[in-house]
Amino acid sequence: MASQIVHFAGLSDRDRKAASPLPKLGAGDRLELHVRHEGGKEQTLSIPPSAAAAVEALLAHMLRGERVAVLAEDQELSPTEAAAILGISRPLVVLRMDRGDLPFRYVGKHRRALLKDVLGLKSRLDVRQATVDALAEDTEDLIQTHGL
């Protein structure tokens, strides 16, 4: 699968104010998309229940002013794209690849990592960061409480 640039999309303030969030869907509820074409023709598309949660989450994030990107789990990412997801620099992503922390393959001379592997690394890095933050908080507490 060829890598594609990660494209983030967001709503303008005007669009966010005009849009309304999806109501919480219950069992048996159906989600339909009504499309009104430029020529006036209307079309209704049914959204499968398994996809409704993704549509609901996507809209909720966008209504909060967050920018979102939709990627497939087996999407291949370049080190630059992986760096954007991980919140670290491209050279650090390459270092993680070289150390074996992030599986990758070469496509010609270019490295590619699967999105699911990048998200797995992100999860491990987030856990590590939370542990470091908790340790720093405990250290600060010890210093303030016991004057160490």
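The values are calculated or read from the model by the stated rules, or taken from the named source; none is laboratory data. Bear in mind the structure is a predicted one, so any value in this text is a computation, not a measurement. Neighbour counts are summed over all protein chains in view; Cβ atoms, including those assigned to glycine, are modelled from backbone coordinates with ideal geometry.
Overview of values
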{"quantity": "Residue list for region 20-39, restricted to those being over 22 Å from the mean Cα position of the chain (by Cα), aliphatic (A, V, I, L, M) and under 27 Å from Ala72 (Cβ atoms)", "calculated": "Leu25, Leu31, Leu33, Val35"}
{"quantity": "When residues of region 55-69 are limited to those that are in contact (Cβ under 8 Å) with a residue 24 or more places away in the chain, in contact with a Lys or Arg (Cβ under 9 Å, 6 or more places away or on another chain) and in a helix (DSSP H, G or I), the one farthest from Phe104 (Cα to Cα)", "calculated": "Leu63"}
{"quantity": "Residue list for region 5-24, restricted to those being without any contact (Cβ under 8 Å) to a residue 60 or more places away in the chain, surrounded by 10 or more Cβ atoms within 10 Å (Cβ to Cβ) and in a loop (DSSP other than H, G, I, E, B)", "calculated": "Gly10, Leu11, Ala19, Pro21, Leu22"}
{"quantity": "Test: residue in region 106-123 that is touching a residue at least 60 places away in the same chain (Cβ under 8 Å), β-branched (Val, Ile, Thr) and surrounded by fewer than 14 Cβ atoms within 10 Å (Cβ to Cβ)", "calculated": "yes"}
{"quantity": "Residue satisfying condition, being assigned to a helix (DSSP H, G or I) and not polar (S, T, N, Q), within set Ala52, Ala27, Ala72", "calculated": "Ala52"}
{"quantity": "So Glu56, is it surrounded by 14 or more Cβ atoms within 10 Å (Cβ to Cβ), in contact with a Leu (Cβ under 7 Å, 6 or more places away or on another chain), among the acidic types (Asp, Glu) and within 30 Å of Asp15 (Cβ to Cβ)", "calculated": "yes"}
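Every residue, every condition in (1) acidic (Asp, Glu); (2) at pLDDT below 90; (3) within 23 Å of Gln129 (Cα to Cα), yes or no:
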{"site": "Phe8", "(1), (2), (3)": "no, yes, no"}
{"site": "Ser20", "(1), (2), (3)": "no, yes, no"}
{"site": "Arg36", "(1), (2), (3)": "no, no, no"}
{"site": "Leu45", "(1), (2), (3)": "no, no, no"}
{"site": "Arg64", "(1), (2), (3)": "no, no, no"}
{"site": "Ala82", "(1), (2), (3)": "no, no, yes"}
{"site": "Pro91", "(1), (2), (3)": "no, no, yes"}
{"site": "Phe104", "(1), (2), (3)": "no, no, no"}
